[in-house]
1. When you go through (1) touching a residue at least 12 places away in the same chain (Cβ under 8 Å); (2) assigned to a helix (DSSP H, G or I); (3) more than 17 Å from residue 94 (Cβ to Cβ) one by one for residue 132, which number turns out not to apply?
2. Please verify whether segment 177-194 includes one or more residues that are in contact (Cβ under 8 Å) with a residue 24 or more places away in the chain and closer than 24 Å to residue 80 by Cα.
3. Considering segment 242-263 alone, what residues qualify as being in contact with a helix residue (DSSP H, G or I) (Cβ under 7 Å, 6 or more places away or on another chain) and touching a residue at least 60 places away in the same chain (Cβ under 8 Å)?
4. Criterion first (part of a helix (DSSP H, G or I), out of contact with any strand residue (DSSP E or B) (no Cβ under 6 Å at 6 or more places or on another chain) and either over 30 Å from residue 197 (Cα atoms) or modelled with pLDDT under 80 (or both)) does residue 23 satisfy it?
5. Suppose we filter 153, 121 for residues that are assigned to a helix (DSSP H, G or I), touching a helix residue (DSSP H, G or I) at 6+ places or on another chain (Cβ under 6 Å), touching a residue at least 40 places away in the same chain (Cβ under 8 Å) and surrounded by fewer than 19 Cβ atoms within 10 Å (Cβ to Cβ); which single one remains?
6. What is the residue count in segment 92-110 for residues that are more than 14 Å from residue 156 (Cα to Cα) and touching a helix residue (DSSP H, G or I) at 6+ places or on another chain (Cβ under 8 Å)?
7. I'd like to check something: does segment 57-77 contain any residue that is under 22 Å from residue 160 (Cα atoms), surrounded by 15 or more Cβ atoms within 10 Å (Cβ to Cβ) and free of Cβ contacts under 8 Å to residues at least 24 places away in the same chain?
8. Considering 31, 46, which residue is modelled with pLDDT under 90 and closer than 30 Å to residue 116 by Cα?
């Protein structure tokens with residue numbers, strides 16, 4: 001532990017080398033490998049994926065995690081370099097997404113316990129598809145800015161219907177002893193997908209921008225074999241690194257950002273299709289069967305569960321037990337005056 005402490009907070013002794021701390025790390029690394037393959041208590045119990053809803057939720061949250069970062073970059077570049085906005089103004093253009101998502105998420109969350117989360121998730125991803133189709137249609141070089149707020153409002157409504165239902169469905173059918181591991185796997189899937197999504201959109205945007213600029217420069221060359229690239233306007237490094245690009249590049253950059261949104265659109269379709277495979281949540285009563293002391297079963301629920309296992313009618317037993325009670329037990333004393341005169345009607 002001393003090696004880990006020095007590695008975490010820094011080498012306090014200038015005479016010590018950091019290599020000594022790394023050697024301590026390598027000593028513990030084999031223990032981690034042993035724990036990873038321990039079948040009795042594995043770090044990731046593979047039995048989690050036997051639950052259909054858990055497996056589908058991981059596919060859907062992977063698509064959503066990658067989509068979240070994938071859709072953030074193209075509009076930001078578009079607003080700043082094509083429309084000449086500052087970073088703050090570009091962020092405010094996406095404000096409807098956050099406002100609608102924050103306002104509707106509590107409303108959706110209150111309904112998850114009484115309705116099937118599947119259709120909320122499917123509808124949410126469908127709204128993302130619609131939002132991206134509208135955004136791609138409007139994201140041109142000279143589109144009125146007020147119209148660009150509409151697709152972000154649609155995306156916000158879609159987001160409010162996805163995060164909660166997916167999280168609830170992922171671990172709802174898992175037994176309590178596996179709920180913690182399931183939650184960890186679910187969140188790790190989302191984070192890894194987000195990293196891959198950000199790398200993918202950066203690569204895609206770079207390739208599309210280079211291709212659009214090359215095509216624009218090619219069209220601006222004079223026709224004929226004697227044409228030279230000297231007739232095309234020069235592209236300064238300042239215009240591409242920050243602020244608005246030159247006018248002749250506004251449309252190519254807008255087209256490149258528009259095309260790059262196809263990645264987010266495809267991810268939304270993948271998430272929607274995955275959510276169609278959700279099974280109806282099964283309430284096994286694991287959280288109220290005594291395994292969770294914070295929420296013990298009520299007496300009536302216990303009687304109903306026991307009668308169901310024995311094949312008898314629970315309502316008949318409850319009725320019989322009520323009829324068997326003495327009359328004085330069914331009419332409790334309601335006040336101090338009645339306690340003094342129990343015979344008084």
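1. Result: residue 132 passes all but (3).
2. For segment 177-194, residues in contact (Cβ under 8 Å) with a residue 24 or more places away in the chain and closer than 24 Å to residue 80 by Cα: present.
3. Of everything in segment 242-263, those that are in contact with a helix residue (DSSP H, G or I) (Cβ under 7 Å, 6 or more places away or on another chain) and touching a residue at least 60 places away in the same chain (Cβ under 8 Å) turn out to be 244, 245, 250, 253, 254, 257, 258, 260, 261, 263.
4. Considered against the rule, which asks whether it is part of a helix (DSSP H, G or I), out of contact with any strand residue (DSSP E or B) (no Cβ under 6 Å at 6 or more places or on another chain) and either over 30 Å from residue 197 (Cα atoms) or modelled with pLDDT under 80 (or both), residue 23 comes out as yes.
5. Among 153, 121, only 153 is assigned to a helix (DSSP H, G or I), touching a helix residue (DSSP H, G or I) at 6+ places or on another chain (Cβ under 6 Å), touching a residue at least 40 places away in the same chain (Cβ under 8 Å) and surrounded by fewer than 19 Cβ atoms within 10 Å (Cβ to Cβ).
6. Of the residues in segment 92-110, 1 are more than 14 Å from residue 156 (Cα to Cα) and touching a helix residue (DSSP H, G or I) at 6+ places or on another chain (Cβ under 8 Å).
7. Yes, segment 57-77 contains at least one residue that is under 22 Å from residue 160 (Cα atoms), surrounded by 15 or more Cβ atoms within 10 Å (Cβ to Cβ) and free of Cβ contacts under 8 Å to residues at least 24 places away in the same chain.
8. Going through 31, 46 in turn, just one is modelled with pLDDT under 90 and closer than 30 Å to residue 116 by Cα: 46.
The values are calculated or read from the model by the stated rules, or taken from the named source; none is laboratory data. Note that the coordinates shown come from a computational prediction; the quantities given were computed from them, not determined experimentally. With ideal geometry, Cβ positions are generated from the backbone for all residues, glycine too; neighbour counts draw on all protein chains shown.
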